[in-house]
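The values are calculated or read from the model by the stated rules, or taken from the named source; none is laboratory data. Small disclaimer: the values here were computed from a predicted structure and weren't measured. Reconstructed Cβ throughout: ideal geometry from the backbone, glycine too, with neighbour counts over all protein chains shown.
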Amino acid sequence: MNKKILITGGAGFIGSHVIRLFVNKYKDYKIYNLDALTYAGNLENLKDIEDSPNYTFIKGDITDENFIHSIFEEYEFENVIHLAAESHVDRSIKDPLAFVKTNVLGTMNLLNAFKLCWKDNFEGKRFYHISTDEVYGTLGETGLFTEKTSYDPNSPYSASKASSDHFVRAYGETYNLPYVISNCSNNYGPNQFPEKLIPLFINNIINNKPLPVYGDGNYTRDWLYVIDHAVAIDLIFHQGINTETYNIGGFNEWKNIDLVRLLCQQMDVKLGKEKGSSERLITFVKDRPGHDLRYAIDASKVNKKLGWKPSVTFEEGLSKTIDWYLENNDWLNSVTSGEYQSYYLKQYS
Ligand code: NAD
Ligand code: DAU
């Protein structure tokens with residue numbers, strides 16, 4: 001088949017798991033990882049596959065229009081799996097424009113370069129846009145997000161992702177650009193930057209620091225182990241239908257406070273601490289503005305059409321995740337030095 005696939009954001013959390021899966025599984029594909037290596041991107045995440053003959057890293061910024069056009073001219077990528085994004089809601093509240101630049105303009109640059117490169121002759125080509133369930137806004141106590149749920153984003157992050165989804169869809173309608181979109185729930189697992197709930201709290205427990213739970217902690221998220229997301233992306237990339245959307249979720253809803261308590265219990269055991277000691281670090285802090293109450297995905301379409309389902313229970317996935325962070329202390333220390341410290345002070349002081 002010899003597919004040339006551009007994967008953007010491959011040095012980040014989810015992207016690195018997608019790159020590893022594709023590089024190891026599809027030896028006859030050429031996998032190109034385009035990443036600007038922002039604070040969230042780290043080539044250490046890909047150490048084990050960096051010398052693979054079917055893998056090439058390209059350092060570059062998707063907001064740089066000329067650069068993006070030049071690499072499409074040079075490599076003629078037949079397919080794109082687009083993950084590069086600013087991805088943290090709290091940062092989007094402090095600096096919304098950065099999210100518009102990367103998530104909206106960056107996506108536009110990729111769409112335009114893809115379109116220009118193939119001169120509207122898209123036979124055998126595909127643009128796969130990775131998106132989030134946050135575009136649907138918030139649920140009340142009941143109900144699930146389906147592929148038919150209207151977009152209703154509440155944060156600058158989710159508004160920028162919704163906008164990029166709309167542009168991808170519009171390019172499909174207007175120029176017949178072959179696209180597929182998936183909208184996934186909250187991921188967790190190895191290599192996640194410790195600004196997101198689970199790795200932040202693991203790092204704080206290791207360092208005996210307060211666990212800042214926003215508001216009353218009664219917010220609900222649907223958690224999915226990152227490798228299960230990568231497997232779903234593989235299936236959708238190969239078997240998804242153009243112009244369709246697929247919701248991906250863990251069938252796994254947790255209130256934040258219950259999740260944090262489970263995490264504390266697992267950490268106490270793994271660190272050999274007295275039962276209840278990590279829970280004593282829980283501190284209720286000022287709420288996130290515009291905090292969405294509840295996300296929960298109806299993933300029955302991807303389950304029925306493509307046979308996908310999560311492979312691990314939350315307790316197993318969380319335990320594996322904690323083990324990874326405990327075994328990769330150097331990784332954790334290196335990403336939490338420098339810029340992280342000033343981010344942390346601004347966000348939590
Ligand atoms: P991440 O923040 O860990 O990684 C983002 C990557 O994109 C980094 O490697 C970064 O260097 C790169 N990047 C950022 N700006 C760039 C730019 N201008 N040019 C090139 N590269 C740039 O993000 P993640 O959590 O791995 O999320 C990946 C994708 O999946 C995003 O599109 C996100 O919206 C989506 N998503 C994430 C989750 C989740 O729970 N993390 C859930 C659903 C969807
Ligand atoms: O739903 C998918 C989305 O999940 C992705 O699109 C985003 O990229 C990803 O960051 C994630 O967004 P959330 O805002 O849900 O994730 P976060 O880990 O930031 O927060 C999870 C919940 O925990 C949320 O209700 C806010 C709360 N929280 C978070 C942090 C960082 C706290 O209570 N305290 C914290 O310090």
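Annotations
- Candidates 252, 256: the one that is within 16 Å of ligand 2 (Cβ to nearest atom), free of Cβ contacts under 8 Å to residues at least 60 places away in the same chain and in contact with a Ser or Thr (Cβ under 9 Å, 6 or more places away or on another chain) is 256.
- Odd one out for residue 337 among (1) crowded, with 17+ Cβ neighbours inside 10 Å; (2) at pLDDT below 95; (3) not acidic (Asp, Glu): (1)
- Selection status of residue 281, within 9 Å of ligand 2 (Cβ to nearest atom) and outside the structural domain of residue 140 (by TED's automatic domain parsing): no
- Residue 338 being free of Cβ contacts under 8 Å to residues at least 60 places away in the same chain and not β-branched (Val, Ile, Thr): yes
- Checking residue 90 against (1) more than 16 Å from ligand 2 (Cβ to nearest atom); (2) acidic (Asp, Glu); (3) within 22 Å of residue 159 (Cα to Cα), the condition it does not meet: (1)
- Among the conditions (1) surrounded by 14 or more Cβ atoms within 10 Å (Cβ to Cβ); (2) within 16 Å of ligand 1 (Cβ to nearest atom); (3) of a type outside the set (Lys, Arg), residue 306 misses just one, which is (2).
- Taking the criterion of being within 13 Å of residue 37 (Cβ to Cβ) and in contact with a strand residue (DSSP E or B) (Cβ under 7 Å, 6 or more places away or on another chain), the only residue of the range 13-27 that qualifies is 15.
- Among the candidates 93, 68, residue that is part of a helix (DSSP H, G or I), surrounded by 22 or more Cβ atoms within 10 Å (Cβ to Cβ), modelled with pLDDT of 95 or more and not basic (Lys, Arg): 68
- Residues of the range 99-113 that turn out to be surrounded by fewer than 24 Cβ atoms within 10 Å (Cβ to Cβ) and within 14 Å of ligand 2 (Cβ to nearest atom), as a count: 1
- Looking only at residues of the range 210-234 that are over 16 Å from the mean Cα position of the chain (by Cα) and within 16 Å of ligand 1 (Cβ to nearest atom), we find that the one that is farthest from residue 5 (Cα to Cα) is 219.
- Complete set of residues in the range 123-138 that are surrounded by fewer than 19 Cβ atoms within 10 Å (Cβ to Cβ) and in contact with a Leu (Cβ under 7 Å, 6 or more places away or on another chain): 138
- One residue stands out among those in the range 149-180 that are in contact (Cβ under 8 Å) with a residue 40 or more places away in the chain, surrounded by fewer than 24 Cβ atoms within 10 Å (Cβ to Cβ) and not in a helix (DSSP H, G or I): the one that is nearest to ligand 1 (Cβ to nearest atom), which is 155.
- Considering the conditions (1) within 18 Å of residue 316 (Cβ to Cβ); (2) of a type in the set (S, T, N, Q); (3) in a helix (DSSP H, G or I), residue 191 is excluded by exactly one of them, (3).
- Any hit, the range 96-104, residues being assigned by TED's automatic domain parsing to the domain that holds residue 178, of a type in the set (S, T, N, Q), touching a Leu at 6+ places or on another chain (Cβ under 8 Å) and closer than 15 Å to residue 162 by Cα: no
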